[in-house]
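Quick notes on the structure that follows.
The values are calculated or read from the model by the stated rules, or taken from the named source; none is laboratory data. These numbers come from a predicted model, not from an experiment. For neighbour counting, all protein chains shown are included, and Cβ atoms are generated from backbone atoms with ideal geometry for every residue, glycine included. Quick note on the areas: whole protein, heavy atoms, side chains included, nothing else; ligands and nucleic acids left out. Shrake-Rupley method; radii C 1.70, N 1.55, O 1.52, S 1.80 Å.
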Amino acid sequence: MNSDFLKYQAQTTPYPLGMEISHAIGSYIFDTTNKKYLDFVAGVSACALGHQHPRVNNAIKQQLDKYSHVMVYGEYSQSPAVEYCKLLASLLPAPLDKTYLVNSGTEAIEGALKLARRTTGRSQLISCHNAYHGNTMGSMSVMGFEERKQVFRPLVPDVDFITFNNEDDLQKITTKTAGIILETIQGGAGFIQPHDDFLKKVRQRCDEVGAIMILDEIQPGFGRTGKLFGFQNYDVVPDIVVMGKGMGGGMPVGAFTASAKMMDLLSDNPKLGHITTFGGHPVIASACLATLQEITETNLMPEALEKENLFRSLLVHPLIEEIRGKGLMLAAMTKSADITNEVILQCQDKGLILFWLLFEGCAIRITPPLTISNEEIREGCAIMLEVMDSILNKN
């Protein structure tokens, strides 16, 4: 299968991991030799409830027996999408009460950037150095990593950058600024949390100059930080919140939410200000609804913080400089990118799936399903420590 994978399927890097997948269930993925791998990555934070969660699977099957795609987004009233958006509004702080469902996180970013410009009538967008918001042209324009985007220029114009957690840079947000987009916790940069009320200060500056504050919750969202959304840990409410990954229980989806007053601007003057064929797809929306219900009706969110503490207590080793992040959005920082590479690859050989971050080479991604058990955490951490011991002893 790997030879066909490389021959017929476009690749994202010259060296894909190439594991041949047979099936997955719970916290484990199985290859075609039936070797099982404990999953500490969860599809890069997408499989919030693990693999083949029965509530999600049942919701998908039940909806498939009713209807699948029937009309482009926004024309017909379809129960799964309506119920989902209504529940989401009940769980979000005011004025975040109207949601636009799309197909991926990067498409949701595109919609949020357009909405900021449409709301303010301004053009300037501000992002952060080392930010990652997706890989389509608009999303790439607000990516703060020149190496990844230089060959695709020219990109969307009138985009400027500040440094995350640098309060002095906030003066760059002016009356010319349509919006500033921030990851609530910087992901690709190394799971960097805001400090010294940075997000509150951004909120204050946006209010002063009439700019839109957009928070990208594609990675922190849906319980991963112990709250439904990461921004709820920092006593701030954005004008637009962008979501994806964990919201779909492993299904492809994204969304952005704002006030009804703002969101209604996309429907008129001009009409069809943002359109999508498959956004709000009833099967996907059913999976989203089941996922959101499971996360909010159980103890998964407070347990994420307890599991964070367990990870921190276990992952103590001379090769680990620090553990960054919050809840089950964690990064173990090693002394070098070479050590990180060795740990990730050797752990896969021993049946543990870890992964890299986009821009921070020293980081080992640890983003398991929220449903992972304490016993599975101990099992995986023991493999990590065993591999690190072997690397330390070898050197």
- Low-density loop positions, GluC sites (Glu not before Pro), region 53-135 - DSSP coil, at most 16 other Cβ in 10 Å: GLU75
- Note on the structure: Quick calc, LYS149 & VAL209: beta-carbon distance into FRET formula, R0 25 Å, rounding 0.05, result 0.40
- Note on the structure: Hull volume per residue for region 354-395, using the convex hull of the C-alpha atoms, in Å³ is 68
- Quick one: accessible area per residue over region 11-77, 1.4 Å probe, rounded to a whole number of Å²? 59
- Query: Going out from 0 in 10 Å bins, what whole percent of all Cα-Cα distances in region 58-144 drops into each bin?
  - Reply: 14, 34, 34, 16, 3
- Label-to-label distance, nm, for residues given as GLN171 and MET71 (7 Å Cα→Cβ offset): 5.4
- In a shell of Cβ-Cβ distance under 13 Å around ASN2, excluding ASN2 itself, what net charge do Lys and Arg (+1) and Asp and Glu (-1) give? -2
- Message: If you average the C-alpha positions of region 196-226 and of region 43-65 separately, how far apart do those two centres end up, in angstrom?
- Response: 29
- Message: I'm checking a number: the convex hull volume of the Cα atoms of the chain, normalised per residue, in Å³. What is it?
- Response: 151
- Query: Does region 252-298 come out rounded, prolate or oblate, given a ≥ b ≥ c as the square roots of the eigenvalues of its C-alpha gyration tensor, rounded meaning a/c under 1.5 and, failing that, prolate meaning a/b above b/c?
  - Reply: oblate
- Contact order normalised by residue count of region 4-92, Cα under 8 Å, 6+ apart, percent: 16
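How much accessible area per residue does region 99-141 have, counting only protein heavy atoms and a probe of 1.4 Å, in square angstrom?
31
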- Item | Whole-percent carbon and sulfur share, accessible surface of the chain, 1.4 Å | 52
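Expressed as a rounded percentage, what relative contact order does region 185-240 have, with Cα pairs under 8 Å and six or more residues apart?
33
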- Would you please put 1-7, 369-375, 228-234 in order of how densely packed they are, using the mean number of other Cβ atoms within 10 angstrom per residue and starting with the highest? 228-234, 369-375, 1-7
- Query: Excluding ALA42 itself, what net charge comes from residues whose Cβ is under 13 Å from its Cβ, given Lys and Arg +1 and Asp and Glu -1?
  - Reply: +2
- Given a cut-off of 14 Å, what percent of all Cα-Cα pairs of region 42-84 lie beyond it? 62
- Task: Using only Cα atoms, figure out Rg for region 216-315 and give it as a multiple of 2.2 N^0.38 Å.
- Result: 1.27
- Message: Test of understanding: express the Cα radius of gyration of region 137-177 as a ratio to 2.2 N^0.38 Å, with N the residue count.
- Response: 1.30
- Item | Simple spin-label estimate for ASN395 and GLN62 in nanometres, 7 Å along Cα-Cβ | 5.2
- For the chain, what relative contact order do you get, as a whole percent, if you take Cα pairs closer than 8 Å and at least 6 residues apart? 23
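Given a Förster radius of 30 Å and the C-beta distance between THR12 and GLU83 as r, what FRET efficiency does 1/(1 + (r/R0)^6) yield to the nearest 0.05?
The formula returns an efficiency of 0.30 here.
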- Output the direction-averaged projected area (hull surface divided by four) of the convex hull of the alpha-carbon atoms of region 154-290, in nm². 10.0
- Within the chain, helix-based [θ] at 222 nm, where runs of 4 or more DSSP H residues each add -39,500 (n - 2.57), nearest 500: -11000 deg cm²/dmol
- Work through the residues other than SER139 whose Cβ is under 11 Å from its Cβ and net out their charges, Lys, Arg +1 and Asp, Glu -1. -2
